[in-house]
1. Could you look through the range 120-157, keep only residues that are modelled with pLDDT of 85 or more and part of a loop (DSSP other than H, G, I, E, B), and pick out the one that is farthest from residue 181 (Cα to Cα)?
2. Restricted to the range 185-226, and to residues that are free of Cβ contacts under 8 Å to residues at least 24 places away in the same chain and small (Gly, Ala, Ser), which residue is nearest to residue 131 (Cα to Cα)?
3. Among the listed residues 187, 192, 243, identify the single one that is touching a strand residue (DSSP E or B) at 6+ places or on another chain (Cβ under 8 Å) and either farther than 17 Å from residue 156 by Cα or charged (D, E, K, R) (or both).
4. For the condition without any contact (Cβ under 8 Å) to a residue 24 or more places away in the chain and hydroxyl-bearing (Ser, Thr, Tyr), what is the one hit in 162, 148, 174?
5. Go through the range 142-177 and count every residue that is out of contact with any Phe, Trp or Tyr (no Cβ under 7 Å at 6 or more places or on another chain), exposed (fewer than 15 other Cβ atoms within 10 Å of the Cβ) and under 24 Å from residue 212 (Cβ atoms).
Amino acid sequence: MSKREFEDIYIDYLLEQSEDARRRTFEAHLKDCAECKAELAELRDALFSLPLDLPLTEPPAHVREAVLRQAAGPRLVPKASPRQAVWRIWAVAASVLLAALGLVALRQWQTKEDTIRQIGLLQEENRRLRESNRSLGDRVDLLTRPDTRFLRMAGLENYRGTSGSAFLQPADRTAVAFIHNLPSVPQQQDFQMWVIQNGRPPFPSQVFKPSGQTTEISFSVPVEVSQVAVLAVTIEPAGGSPQPTGPMVLAGRLEE
């Protein structure tokens with residue numbers, strides 16, 4: 001097609017009012033026609049600079065009132081072309097789909113994190129129960145052996161409300177004690193168990209804090225159980241002492 005055939009489309013094309021088929025034909029022509037392309041660019045500059053070249057004038061009163069009435073009236077929304085309407089529908093649908101997929105992904109991630117956390121808690125609880133059962137089994141075994149030695153402990157002086165008992169196993173030199181109604185002590189102090197032989201300095205043993213009305217402690221016996229004469233509990237500085245330094249709370253002699 002020649003340049004002359006497109007001269008009447010310049011203005012419509014620049015104002016985006018040309019028909020689709022004719023617009024596509026004109027754009028294909030522009031690719032090969034440098035003259036039309038230059039004229040179109042010159043016309044575009046002139047067209048869009050035209051408002052800037054006009055002198056500013058005060059509009060007539062009736063025009064101003066008409067414009068204000070129009071602005072105050074209902075807003076007119078340009079009607080979209082079928083193609084624009086389709087694209088808008090697809091854009092909205094895509095946005096909704098992406099939001100839904102994002103929500104599903106977020107929920108799946110949260111569900112996965114919750115599941116992992118629950119599994120971790122169950123594993124920790126299972127481990128704790130296994131250790132508790134193992135410890136309970138060890139205590140039952142210790143308490144029911146025929147050679148287990150028994151020792152009753154009583155509170156001394158200002159600690160008459162405190163009492164306890166201990167079971168010592170000669171074979172592996174282990175022991176478990178149950179102490180009732182221990183007094184509260186400051187944070188910088190602990191209770192400490194002592195194993196005492198006749199005529200020998202006390203052996204330091206387990207350091208502990210009260211745990212409720214009855215405190216259970218397991219400890220090793222540093223000498224042969226047959227050589228143990230007394231078990232005693234004192235109040236010591238936090239972490240314990242190599243030799244007793246605080247008041248004795250309770251004590252008991254091993255029964256023959």
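1. Per the criteria, the residue is 147.
2. 211
3. Values: 187 fails: touching a strand residue (DSSP E or B) at 6+ places or on another chain (Cβ under 8 Å); 192 fails: either farther than 17 Å from residue 156 by Cα or charged (D, E, K, R) (or both).
The unique qualifying residue is 243.
4. Values: 162 fails: without any contact (Cβ under 8 Å) to a residue 24 or more places away in the chain; 174 fails: without any contact (Cβ under 8 Å) to a residue 24 or more places away in the chain.
Going through 162, 148, 174 in turn, the sole match is 148.
5. Residues meeting the conditions: 6.
Yes/no matrix, rows are residues, columns are (1) of a type in the set (S, T, N, Q); (2) under 41 Å from the mean Cα position of the chain (by Cα); (3) over 20 Å from residue 149 (Cα atoms):
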site	(1), (2), (3)
169	yes, no, no
184	yes, yes, yes
203	no, no, no
223	no, no, no
233	no, no, no
247	no, no, yes
251	no, no, no
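The values are calculated or read from the model by the stated rules, or taken from the named source; none is laboratory data. Quantities reported herein were computed from a predicted structural model and do not represent experimental measurements. Ideal geometry is used to build each Cβ from the backbone, glycine not excepted, and the neighbour counts take in all protein chains shown.
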